[in-house]
Amino acid sequence: MQTPHADYFTAYHNLKLARDASGVLVAEFHSNGGPFIMSAQAHTELVDAFYRIAQDRANKIVILTGAGGEFITDVDWPSFGDAADPGVWSQVHDEGVQALENIANIRVPVIAAIEGHAYIHSDYALLASVIVAAEDATFQDVGHFATGVVPGDGIFTTWSYRAGAGRAEAFLLNPHPLPARTAHEWGVVAEVVPKGQALSRARELAELYLKAPEVTRRNTRMHFIQPLKERIVREVGYGLSLEGASAADLVKSMQRRSKPVAEKRKSA
């Protein structure tokens, strides 16, 4: 049974929000109802979405998941504009910090239900209290070192906190799919379940957590997330500044490489 939704539930293009009578909110990332590809518009909207979710005390448990058997698969790079433009990166920087802080400020247990590819912003999932992953789910970071920029947006902070700095550095410097079972061995994933069962298992865990008194649930989440929240506040703004400088350098190097080709075509 669904409860009447709050006014913000239909405000976002890339986040479907549904809350049941027990107060379990499922937040599903999607692009036009299918697998989610991060865009500039979504990047902006998610800051507000996570803030409103955290603010709404009718949300007793929050489940983060993705549509179409995926978590977050890729990025719509052109939608962000020129990463070498300081004004563009200033917005990316601020939104990147605020999105993570707002997830960390959700003061009820958060469960991430991961199916398929968690290839972009797996840090969102690692801010959950518990991750349930399907047996065929894989984690990867395709948006940073693999493309030529610093993994500075919180991906290192969250992975090093959950898995250890050595594993995080190796994972981010040599991006390749990390199976759910390996993530489980590392202590990142709490449970591995059959394909297609991550969300249903997350709902079962939500039922279990709801048996505890509300103040206990809220205060436990606050207690558990505090050390990671402190690292986010301390590290992510700095990391995104480093990422922005590397993104600007990457854009310039791509322009330098393309210039001789354009000049050669002109003279032909």
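A few comments on the model shown:
- The chain, dipole about Cα centre (Lys/Arg Cβ +1, Asp/Glu Cβ -1), debye to the nearest 20: 180 debye
- From largest to smallest, the equivalent ellipsoid semi-axes obtained for the stretch 121-164 from the alpha-carbon gyration tensor read 19, 14, 8 Å.
- Net lengthening on full extension, residue 16/residue 242 (0.36 nm per residue, minus Cα-Cα): 78.1 nm
- Heavy atoms of the protein chains alone define the surface here; on that basis the chain has 47 Å² accessible area per residue at 1.4 Å probe size.
- Each residue, residue 234 and residue 41, gets one label point 7 Å from its Cα in the Cβ direction; the gap between the two is 3.9 nm.
- Of the whole protein surface, residue 169 contributes about 90 Å² of accessible area at a 1.4 Å probe radius.
- Within the chain, helix-based [θ] at 222 nm, where runs of 4 or more DSSP H residues each add -39,500 (n - 2.57), nearest 500: -16000 deg cm²/dmol
- Loop trypsin sites (Lys or Arg not before Pro), the stretch 57-154 (other Cβ atoms within 10 Å of the site Cβ: 12 or fewer; DSSP): 57
- Among the lysines of the chain, pairs at least eight places apart or on separate chains and with Cα atoms under 27 Å apart come to 10.
- Relative contact order [Cα under 8 Å, 6+ residues apart], the stretch 38-141, whole percent: 34 percent
- The chain shape via C-alpha gyration tensor axes, a/c threshold 1.5: prolate
- Computed over the stretch 85-173, relative contact order equals 24 percent, with contacts defined as Cα pairs under 8 Å that lie 6+ residues apart.
- Available extension along the chain between residue 211 and residue 181 is 7.9 nm, counting 0.36 nm per residue and deducting the alpha carbon span.
- Dipole of the chain, positive direction: furthest Cα of 50, 39, 247, with charges on the beta-carbon: 247
- Amide N proximity, the stretch 49-75 versus residue 8 label position 7 Å along Cα-to-Cβ, cut-off under 17 Å: 49-65
The values are calculated or read from the model by the stated rules, or taken from the named source; none is laboratory data. Since the structure is predicted, the reported quantities are computational estimates derived from the model, not experimental observations. When we count neighbours, we look across all protein chains shown, and the Cβ atoms used for this are built from the backbone with ideal geometry, even at glycine. Just so you know, the surface numbers come from the protein's heavy atoms only, side chains and all, with ligands and any DNA or RNA stripped out. Shrake-Rupley method; radii C 1.70, N 1.55, O 1.52, S 1.80 Å.
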